[in-house]
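Worksheet for the structure shown next.
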Amino acid sequence: MEVNQKQLATILGVTDRRIRQLINEFGLFHNNEHGGKREKRYDLGKCVQEFIQYQVDAETNRGASLNKEQVSAEHEEIKKKISMLKLKRLRRQLHSADDVEEFLTSMLVNFRDRLLSIPQKTAPILASVDDVNKILEILEKEVCETIEELSEYDPLEIEKEKDYERMDDDMEEDEEEEE
């Protein structure tokens, strides 16, 4: 079945102008001229198939493009998060789990040792004291000194020099990857 340009546009659900664009830009819709330029006729079956193929190709390319853009955006977001974590680590607002575990283990072992040393340290002093209030005061003083050690948090003790060297190496690798 042959149709003119206006009928083809109506059937495909586009404007006459879009039909002309598709003809000029993509070479779609070969026509059969009848008696002159004004009476261009198009084979409807072939034109519908060409238009469908054009639409499928356009969607496939757009889908691939959107997918690439999405992957790229996700990659950039991950890089941003990594950079923020590195910045927090440099500001000593973030520590590695291994360093925290080692620091806490060391601190708790020291605390335990200090608590266990209280009886040996205070026994000779307490042996000569008869007043219960004085004994309590001496024991309380020793326990408070021991507990005071727990409150002495220093982020410099958690971080180690090797971590900063490793972080510098990581940053250099990241810079090389970006190039």
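The values are calculated or read from the model by the stated rules, or taken from the named source; none is laboratory data. The shown structure was predicted, so the numbers you read here are calculated from the model rather than taken from an experiment. Ideal geometry is used to build each Cβ from the backbone, glycine not excepted, and the neighbour counts take in all protein chains shown.
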Next item on the list: Take V143 and decide whether it is surrounded by 12 or more Cβ atoms within 10 Å (Cβ to Cβ) and not in a helix (DSSP H, G or I).
Entry: no
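Looking at the structure I just gave you, is T105 among the β-branched types (V, I, T), under 30 Å from E25 (Cα atoms) and under 33 Å from the mean Cα position of the chain (by Cα)?
Working: among the β-branched types (V, I, T): yes; under 30 Å from E25 (Cα atoms): no; under 33 Å from the mean Cα position of the chain (by Cα): yes.
Here the answer is no, as T105 does not meet what is asked.
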Check: Within the stretch 46-89, restricting attention to residues that are small (G, A, S) and more than 13 Å from the chain's Cα centre (by Cα), which residue is modelled with the lowest pLDDT?
Finding: G63
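Within the stretch 13-45, can you find the residues that are polar (S, T, N, Q) and at pLDDT below 75?
Residues of the stretch 13-45 that are polar (S, T, N, Q), as a first pass: 15, 21, 24, 31-32.
If the condition is that a residue be polar (S, T, N, Q) and at pLDDT below 75, then N31, N32 are the ones that fit.
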Next item on the list: Those residues that are of a type in the set (K, R) and surrounded by fewer than 10 Cβ atoms within 10 Å (Cβ to Cβ), I need them from the stretch 82-97; list them, please.
Entry: R91
Notebook entry, point to check: If you check every pair at least six apart or on different chains, which have Cβ atoms under 6 Å apart with a residue in the stretch 81-105 that is without any contact (Cβ under 8 Å) to a residue 60 or more places away in the chain first and a residue that is assigned to a helix (DSSP H, G or I) and surrounded by 12 or more Cβ atoms within 10 Å (Cβ to Cβ) second?
Noted result: L94/K88; F103/I158
Next item on the list: Working only within the stretch 69-106, note down all residues that are assigned to a loop (DSSP other than H, G, I, E, B) and under 15 Å from E157 (Cβ atoms).
Entry: R92, H95, S96
